[in-house]
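Take a look at the structure set out below.
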Amino acid sequence: MWLQLRCGLERRSLVALLVVLAVAAVFAAQHFWAGRAQPVRAPDVVGAAPDRGGEPSPSPGALPPPEGGGRPVAGAGGGEIVVDISGKVRSPGILRMPAGSRVADALKAAGGVRRGADTDGLNRARLLIDGEQVVVGAPVTEPAAPAAPGVGAAEGATGAGPAAPIGLSTATAEQLDELPGVGPVLAQHIIDYRTEHGGFRSVDELREVNGIGDKRYADLQNLVRP
């Protein structure tokens, strides 16, 4: 009424003006609400692939996890290595470790060293390499004593065995294969036995290896040590 009397507007014009003002107010409120500040989530950072200096990536491959829900094992993939931890640890077996891991990391992943195990000859700060075996609690391999003059030449001529006994808990498959009567298959049986039982505590345990009878044990007992 005041606007009609003050400005001389007709009732129809006044209603139209009020409708326009109401619509403008609605649009202004909607624009203000849409333009308000809102929290945003930071994007995930995707790490760049490591530069291998032109070297080809290792072929991926994985082994099935051990029965009973144990640790996963796998072939060497990018940035990972596979090592065999045996001997006096709580959970011996095949472990998949990040590249650059040390012996101490592998011992921790295997559940730690058993009480009373001798680790004096174990370098826990050494970097691990793919495919190696770490035997915990095995005796340190002593270097062979130098032979007397003329003895080495005689042994080489007659094809005699090694100067010092081979350690059953530390020898490689190639070293075991060089023993008389031991081929690649029997050497692998010896490695499988020591992996399952945490090494050899005495030479007599060699009798329990599949494929070694009394005659073969008699030929080997003086050439090996636990």
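The values are calculated or read from the model by the stated rules, or taken from the named source; none is laboratory data. Owing to the predicted nature of the structure, the values given are computational and were not obtained by experimental measurement. Virtual Cβ from ideal backbone geometry, glycine too; neighbours counted across all protein chains shown. With ligands, DNA and RNA removed, areas are computed over all heavy atoms of the protein, side chains included. Shrake-Rupley method; radii C 1.70, N 1.55, O 1.52, S 1.80 Å.
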Exercise. Restricting attention to segment 211-224, does a residue exist that is assigned to a loop (DSSP other than H, G, I, E, B), surrounded by fewer than 16 Cβ atoms within 10 Å (Cβ to Cβ) and modelled with pLDDT of 85 or more?
Worked result: yes
Exercise. Yes or no: Thr158 over 26 Å from Glu208 (Cα atoms) and modelled with pLDDT under 80?
Worked result: yes
Exercise. So, in segment 170-189, of the ones that are within 30 Å of Arg90 (Cβ to Cβ) and part of a loop (DSSP other than H, G, I, E, B), which residue ends up least open to solvent (accessible area, probe 1.4 Å)?
Worked result: Ala171
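I'd like the full set of residues that are farther than 24 Å from Ala173 by Cα and open to solvent by 50 Å² or more (accessible area, probe 1.4 Å), limited to segment 91-113. I'd like the intermediate steps shown before the answer.
In the first step, residues of segment 91-113 are kept if they are farther than 24 Å from Ala173 by Cα; the result is 98-101, 104-105, 108-109, 111-113.
Pro98, Ala99, Gly100, Asp105, Lys108, listed by residue number.
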Exercise. If you check every pair at least six apart or on different chains, which have Cβ atoms under 8 Å apart with a residue in segment 190-208 that is assigned to a helix (DSSP H, G or I) first and a residue that is open to solvent by less than 80 Å² (accessible area, probe 1.4 Å) and of a type in the set (Ser, Thr, Tyr) second?
Worked result: Arg194/Ser86; Arg194/Ser169; Thr195/Ser86; Glu205/Tyr193; Leu206/Tyr217; Arg207/Tyr217; Glu208/Tyr193
